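*Asks:* Quick one: the structure is below, questions incoming.
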Amino acid sequence: MDKSLSKEPMLEMFIFENLQLLEQLEQTILAHEKERCLENAVINEIFRIMHTIKGAAAMMMYDGISSLAHAIEDLFFYIREFHPDEMDYSKICDIVLEGIDFIKNEIGKLEQDQEADGDSSPFVENIGQYLLQIKEASRNSKLINEAAARPAGHRKKFYISTSKSPPTESIKRYHALIYFTPGCEMENIRAFNLVHKLKDQAEQIDYIPADIIENNDSVEFIRENGFAVIFSTHLQQEAINELFMKEAFIDSLDLRVMEDEEWEIEQLRARNQIVLEEEPSVRNNEVREIGANLHSGSTRQSLISVNVDKLDRLMDMVGELVISETMVAFNPDLRTAAKLDNFHKATRQHRKIINELQDIVMSIRMVPLSMTFQKMNRLVRDMSKKLKKNVELVIIGEETEVDKNIIEHLSDPIMHLIRNAIDHGVESPEKRASLGKSPAARVYLEAKNEGGDVYIIIRDDGAGLNKEKILERARARGLIQKPDSNLSDGEIYSTILLPGFSTCEEISEFSGRGVGMDVVLKNIEEVGGTVLVDSTPGQGTTISLKIPLTLAIINGMRVKVGNSIYILPITSIKESFKAKPDNIIVDPDGNEMLMVRGECYPVLRLHQKFQLKSALKKIAEGIIVIVQNDSGSICLFVDALLGEQQVVVKALPKFIGKIAGISACTLLGDGRACLIIDVANLINPSKG
Amino acid sequence: MSEILDEAVLQEEDTQKGKFLTFLVGKEEYGIEIKYVTEIIGGIQAITEIPDVPEYVKGIINLRGKIIPVMDVNLRFNKEARDYNDRTCIIVIDIDELSVGLIVDNVAEVISIADADIVPPPDVRSGFHNRYIKGIGKIGSEVKLILDCQRLLSTEELENLDYIN
């Protein structure tokens, strides 16, 4: 915790801002790739984001990132200015996405306190070549265009555009280098005036330095290097000369006609310069602009970023408050007081407020799944491209909210499952066609709330699981011992979740290392969830992840065993009752069982399990609690039930490590620490 | 700015250097570097027992909302368990962001021991059982055993237990 807080604020800001920008960029690209055309707004957005990243990275001295961002920016600068016709949009998208990946990777390194030492030069080179290529292509096509449409004038590619000038044959391009009289002051304002006058007579005006008004340093630059203007106009050289010389304080003027080739380069140079020089001053504006964009664009809300550690601490504090409230309201000293009506009234109000506070804090920690889900778009795109499968990702219910701590555990499993669905589930387009399915396969990614749980369902309309093959493989690996006839479909399908099971013969880039599915299971179980597999041959596979809404607060039942108090999660309690000693069946091994309504449950005495002394030994004296989860039910024998309570879940200290049968701990109303029972582990000790 | 901070940290370290909190376990007097100590809890509060842990781990306690494990140093040193009384204390130490409470018979005082007065313990090969001792400090005629906190908290044994299970 301290480590992340002590990370330099600059660096933290850098990481946060850029990740956000990259996320935005990726979504923009993916959204527009399908349309096979990049609108001006999109090009501008990409250009601006890359520019911002470049500036920030250069400031933080991450050369790899900044040079790559620079290259992409150059590319989009060209596209923005010249609108080349011959563009391979998917190639451009690939380039940008590759770039995003690289930068993300580098930022990831920074997040883990490593050096951002990746080498971006292959990308840069690649982009440079591509830029040359489209330049070449567009020049060729432009020549043809121009030959055909000369009378209609030049294509519009104005930087500061004015369309006043009449289209004539005699348009010429000029380069003017102007030096102002030394000591005249305010060179930048004068230069701006000049450009402004020029606008009436000329078009396609570019100048160096470009940020004459915004940047005060430009004064220095103009004094030293002069003020260079390039423009095209129908005016003759003399007329221009005259125009310039009318201005006050012009010391010298160097005016010459430029060739097409040179013109283009100069223009590019001038514009690049703009970018280089305006960095420090304009960056902030851009960030703001992007912020505004976020605001107006789609469903984004005004957000602030808060360190999760702080939220955790807030959560802890609220937990403390709940506990201390109980300590006040049930204070032993109160027993001696005679009349407490007003006191009780006050504590009721107090409790109500605290409950509300607790709800709010919980809701702060809830994050919609949309970020996690949107990431999958990229995966599906890349995979369907590589595997030459036509796959469409359908996202449903992305607004469903889940606790922040849980969401972190979801990204990898979902990614695995989608990979599997596309790689193994979905058939090739030809095969789909021959089966009479639509060539475009669909993978559904759905989230929904049900009770206290969230379901995340990954469904494909592919081939489905091959039961025979799974059985064969599972037997070969010794994963199934029961005879076939005793296995339900669900059981068979579930074996794919076991470690060491992989049905894919070949290992592909995306999946098939045989580690995927059991990692999915492990990740989900870590957050207290379960995985269900279902499949219909020929129609697809459905994998459902059931995860709890939150891990931080649970409803618990306090149970007494000996002198200790334990918490049983309410959700796992099925029923409780007093049992008669004759209902207990004991097998030759001494295992106790209990018959309840014709069903036989094993009995687990908690005092034996946890080696507690002085607990009630006779079944009739204590109470039986039936607990259940997906893998079964058992009877727990405890001394007494003490009551229901909301508890704040706290991890066991690292020093203690993991203990069988205990999932976490919490604090009781009297300030005592108390253990929370891991029901899943009691029912099936071999798991986890 | 950062330099000033560094200096402050250095100074703090300086003031803590060579200082030891001494306490009694059985008949011996032990010392522990003061920089590890975060607080001393007088008297024993309710300890929640934990199943399946070595005997010397007595359980967990609630330290102002933070749950920390406590170990009985007597048992840790394989000595006989002693009943807790008014003088029993819990010393909370913090090593590598791991907080642990040590149950000791009695907390004595904070003393300074110069580096020169600390001698290494006898060689392990002579069969001397000194796993937890980093050195032996001399104060006049008295001798204090200086504890190696890292080893005290080493979970090796815990892991071994898991392995056997």
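*Asks:* Relative contact order for segment A:369-548: what is it in percent, counting Cα pairs under 8 Å that are at least 6 residues apart? Kindly include the intermediate steps, with their values, before the conclusion.
*Replies:* Details: 317 pairs, mean separation 43.6, N = 180.
With pairs under 8 Å counted, the relative contact order is 24 percent.
*Asks:* Would you work out if segment B:16-102 is rounded, prolate or oblate? Take a ≥ b ≥ c from the square roots of the eigenvalues of the alpha-carbon gyration tensor; rounded if a/c is under 1.5, else prolate when a/b is larger than b/c, oblate otherwise.
*Replies:* oblate
*Asks:* Just counting partner chain Cβ atoms within 10 Å, what average do the residues of peptide A:647-654 show around their Cβ?
*Replies:* Working: counts 0, 1, 0, 5, 1, 4, 11, 7.
Rounded to a whole number, the mean comes out at 4.
*Asks:* Quick one: if you stick a label point 7 Å off each Cα along the C-beta vector at A:E392 and A:D341, how many nm between them?
*Replies:* Each label point is offset 7 Å from its Cα along the Cβ direction, giving 6.9 nm.
*Asks:* Would you be so kind as to identify which of B:A81, B:Q150, B:I34 lies farthest towards the positive end of the dipole of segment B:19-164, taking Lys and Arg as +1 and Asp and Glu as -1 on Cβ and the Cα centre as origin?
*Replies:* The one lying farthest along the dipole's positive direction is B:I34.
*Asks:* In addition: Would you kindly derive the ³J(HN,Hα) couplings of segment A:392-409 from the backbone phi angles with the Karplus curve 6.51 cos²θ - 1.76 cosθ + 1.60 (θ = phi - 60°), listing them in order in whole Hz, with x for Gly and Pro?
*Replies:* 10, 9, 10, 9, 10, x, 5, 7, 4, 9, 9, 4, 3, 5, 6, 4, 4, 8
*Asks:* For segment B:19-164, what does the relative contact order come out to in percent, with C-alpha contacts under 8 Å and a separation of six or more?
*Replies:* Dividing the mean separation by the residue count of segment B:19-164 yields 26 percent.
*Asks:* Please report, in debye to the nearest 20, how large the charge dipole of segment A:369-548 is about its Cα centre when each Lys and Arg carries +1 at its beta carbon and each Asp and Glu carries -1 there. Present the calculation step by step, with values, prior to reporting the outcome.
*Replies:* Working: 24 positive and 28 negative charges, 127 e Å.
So the dipole magnitude of segment A:369-548 works out to roughly 620 debye.
*Asks:* Hey, got a sec? Which trypsin sites (Lys or Arg not before Pro) in segment A:515-610 land in a DSSP loop and have at most 13 other Cβ atoms within 10 Å?
*Replies:* A:K578, A:R597
*Asks:* Please work out the Cα center distance from segment A:384-446 to segment A:596-627, rounded to the nearest Å.
*Replies:* So the two Cα centres are separated by 46 Å.
*Asks:* List the residues, sorted by chain then number, that are 5 or more residues from B:G135 or on another chain and whose placed amide H is less than 5 Å from its amide H.
*Replies:* So B:G135 has HN proximity to B:I146.
*Asks:* How big is the dipole moment of segment A:560-674 about its Cα centre under a simple scheme where the beta carbon of each Lys and Arg is +1, that of each Asp and Glu is -1, and everything else is neutral? Debye, nearest 20, please. Walk me through the numbers on the way to the answer.
*Replies:* Working: 14 positive and 11 negative charges, 90 e Å.
Computed about the Cα centre, the dipole is about 440 debye.
*Asks:* Residue by residue through segment A:349-363, which ³J(HN,Hα) values in whole Hz follow from phi under the Karplus form 6.51 cos²θ - 1.76 cosθ + 1.60 (θ = phi - 60°), with glycine and proline marked x?
*Replies:* Here the 3J(HN,Hα) series is 4, 4, 5, 4, 5, 5, 4, 5, 4, 4, 4, 5, 4, 4, 5 Hz.
*Asks:* Positive end of the charge dipole of segment A:369-548 (Lys, Arg +1 and Asp, Glu -1 on Cβ, about the Cα centre): tell me which of A:I458, A:L393, A:L497 has its Cα farthest that way.
*Replies:* A:L393
*Asks:* Would you list B:E49, A:E599 from fewest to most Cβ contacts within 10 Å?
*Replies:* Details: B:E49 17, A:E599 9.
With the fewest neighbours first, B:E49, A:E599 line up as A:E599, B:E49.
*Asks:* Please list the equivalent ellipsoid semi-axes of segment A:601-688, computed as the square roots of five times the alpha-carbon gyration tensor eigenvalues, in descending order and whole angstrom.
*Replies:* For segment A:601-688, the semi-axes come out at 21, 18, 13 Å.
*Asks:* While we're looking at this one, here's another question. Roughly how big is segment A:309-367's charge dipole about its Cα centre, with Cβ charges of +1 (Lys, Arg) and -1 (Asp, Glu), in debye to the nearest 20?
*Replies:* So the magnitude is around 280 debye.
*Asks:* Using modelled amide H (1.01 Å from N, peptide plane; none on Pro or chain starts), what sits under 5 Å from the amide H of A:G556, excluding residues fewer than 5 places away?
*Replies:* A:I570, A:Q645, A:Q646, A:V647
*Asks:* If you don't mind, there's one more thing I want to ask. Find, among the GluC sites (Glu not before Pro) in segment B:78-126, those assigned to loop by DSSP (not H, G, I, E, B) with at most 14 other beta-carbon atoms within 10 angstrom.
*Replies:* Those satisfying the criteria are B:E80, B:E97.
*Asks:* Continuing with this model, one more query. Once label points are set 7 Å from the Cα along Cα→Cβ at both A:A651 and A:E450, what is their separation, rounded to one decimal in nm?
*Replies:* Placing both labels 7 Å beyond Cα along the Cβ direction yields 3.0 nm.
*Asks:* State the extension gain, in nm to one decimal, for the chain segment bounded by A:S324 and A:I189, taking 0.36 nm per residue of separation less the distance between their alpha-carbons.
*Replies:* Values: separation 135, 0.36 × 135 = 48.60 nm, distance 6.71 nm.
Once the chain is fully extended between A:S324 and A:I189, it gains 41.9 nm.
*Asks:* To continue, here is another question. Ranking A:R223, A:R335 by Cβ neighbours within 10 Å, fewest first, what do you get? Walk me through the intermediate numbers first.
*Replies:* Values: A:R223 17, A:R335 8.
Exposure proxy ranking, most exposed first: A:R335, A:R223.
*Asks:* Roughly speaking, what is the stretch gain from A:H83 to A:N377, that is 0.36 nm per residue apart minus the C-alpha to C-alpha distance, in nm to one decimal?
*Replies:* Numbers: separation 294, 0.36 × 294 = 105.84 nm, distance 2.77 nm.
Between A:H83 and A:N377, full extension yields an extra 103.1 nm.
*Asks:* Another question, then. I want to check the label-to-label distance for B:K138 and A:L303. Put each point 7 Å from Cα in the C-beta direction and report it in nm to one decimal.
*Replies:* Going by the 7 Å Cα→Cβ label model, 6.6 nm.
*Asks:* Right, next: Normalised by the residues of segment A:421-466, what does the relative contact order come to in percent, with Cα pairs under 8 Å and at least six apart?
*Replies:* Computed value for segment A:421-466: 43 percent relative contact order.
*Asks:* Let me ask something else about it. Ordered by residue, what ³J(HN,Hα) values in Hz, to whole numbers, does segment A:671-681 give under the Karplus form 6.51 cos²θ - 1.76 cosθ + 1.60, where θ = phi - 60° and Gly and Pro are x?
*Replies:* Listing the rounded values in order: x, 7, 6, 8, 9, 9, 7, 8, 4, 4, 5 Hz.
*Asks:* Then there's this: Would you please give the FRET efficiency between A:I353 and A:R313, computed as 1/(1 + (r/R0)^6) with r the Cβ-Cβ distance and R0 = 22 Å, to the nearest 0.05?
*Replies:* Computed FRET efficiency for A:I353 and A:R313 comes out at 0.65.
*Asks:* As a footprinting exposure proxy, order A:M10, A:M59 by other Cβ within 10 Å, with the fewest listed first.
*Replies:* Ascending Cβ contact count within 10 Å gives the list A:M10, A:M59.
Throughout, read-outs are computed from the coordinates displayed, never taken from laboratory work. On a predicted model such as this, the values are computed, not experimentally measured, just so you know. As a convention, Cβ positions derive from the backbone with ideal geometry for all residues, glycine included, and neighbour counts pool all protein chains shown.
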